[in-house]
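The values are calculated or read from the model by the stated rules, or taken from the named source; none is laboratory data. Please read all numbers here as calculations on a predicted model, not as lab measurements. Here the Cβ positions follow ideal geometry from the backbone for every residue, glycine too, while neighbour counts run over all protein chains shown.
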Amino acid sequence: MPLRKRMIILPAALLLLAALALVWWLARPRQAQAPRLTLYGNVDLRQVQLAFDAVGRIRDLAVREGERVRKGQVVARLDDQRLRDQAQRAVATLAAQRNVLARLRAGSRPQEIAQARAELQAARATLVNARVSWRRQRRLVDSGFLPRQDLDNATAALRGAQAAQERAAQALSLALQGPRRQDVAAAAALVEADRAALALAQRQLADATLRAPSDGVVENRILEVGDMASPQVPVLTLALRDPLWVRAYVGEPDLGKVAPGMHAEVFSDSFPGRPFAAWIGFISPTAEFTPRQVETSQLRTELVYRMRVYVCGPAAGLRLGMPVTVRIALRDNAAGAASDACR
């Protein structure tokens, strides 16, 4: 074959092969794209207004706005000198009452019992002497040697000695028996009351330290050092990092396609191409009009249902109010547990 003819046939064959390849590419069966639902919403999270459960002047604020805090971290303190004094006083009062109770439970000391016995012996001796004196005085009065008044005085002395002996005998009996059960019970009740007062004073002292209830970010410092704090006035606003969710809205035609527990992905313009794993946690049972901040291609007058799409873990970078897009695959996406969605 002449060289010139071969140079004409070869490009024509190449063009024919290219055309056949193009026809095959266009005619080949394509895999259908999995259907998915696209929703629009905003990042939402819980906010906590931190306030002291006490009244006092703020001595220290340990965090600034935008600072991350951990659960249990100290964020503020009150001037607690007055509360410390009250707690120390409660400690001393409880110790004193405990000693009173211990003394009552121990009963009378041996020395006290011996003293009561000695006093009874002395009273008996006095009574014996009073009786002898009374007999003598009666004989002398009957014989006319003494006036009647002397016998009356001796009678009064005898009666006084008898009463003194009875009083000493009862004192010895009380010393032997010890305190009454009612006195011990009353002292024990006072110990419990003082223990409760001490616990209250210690609780009030602990309330002078404000701690973060959970991991979060300080959004606002409402009060400053030197301000008077009270339970009614918040000191800080804390945005909790976990849980973090997206407030989205689904239209009534798509309501039957979604269910709590389905997997989802959250996209933000701030992180293009980076999906955040999520799952549907809540679908409102009541309808409402589409909020103004949700931009969809549908009419705003349509009724929608509010959804809460939880983001798996504290997603770094997603901030309160940030507009995001939620994509939910509608095929092979059965409702399951939250742990399955976050794997």
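Here are some notes:
- Segment 230-253 - residue that is in contact (Cβ under 8 Å) with a residue 40 or more places away in the chain and within 14 Å of residue 37 (Cβ to Cβ) and, of those, surrounded by the fewest Cβ atoms within 10 Å (Cβ to Cβ): 252
- Flag for residue 227 being over 24 Å from the mean Cα position of the chain (by Cα) and either outside the structural domain of residue 99 (by TED's automatic domain parsing) or in contact (Cβ under 8 Å) with a residue 24 or more places away in the chain (or both): yes
- Taking the listed residues 94, 78, 101, 26, the one that is farther than 18 Å from residue 205 by Cβ, surrounded by 13 or more Cβ atoms within 10 Å (Cβ to Cβ) and either hydrophobic (A, V, I, L, M, F, W, C) or at pLDDT 85 or above (or both) is 101, with no other qualifying.
- The listed residue being in contact (Cβ under 8 Å) with a residue 60 or more places away in the chain and not basic (Lys, Arg), out of 111, 81, 86, 121: 86
- Residue, surrounded by the most Cβ atoms within 10 Å (Cβ to Cβ), within segment 187-225, restricted to residues that are assigned to a helix (DSSP H, G or I) and among the polar types (S, T, N, Q): 204
- Options 128, 141, 184; residue that is exposed (fewer than 15 other Cβ atoms within 10 Å of the Cβ) and either at pLDDT below 95 or in a helix (DSSP H, G or I) (or both): 128
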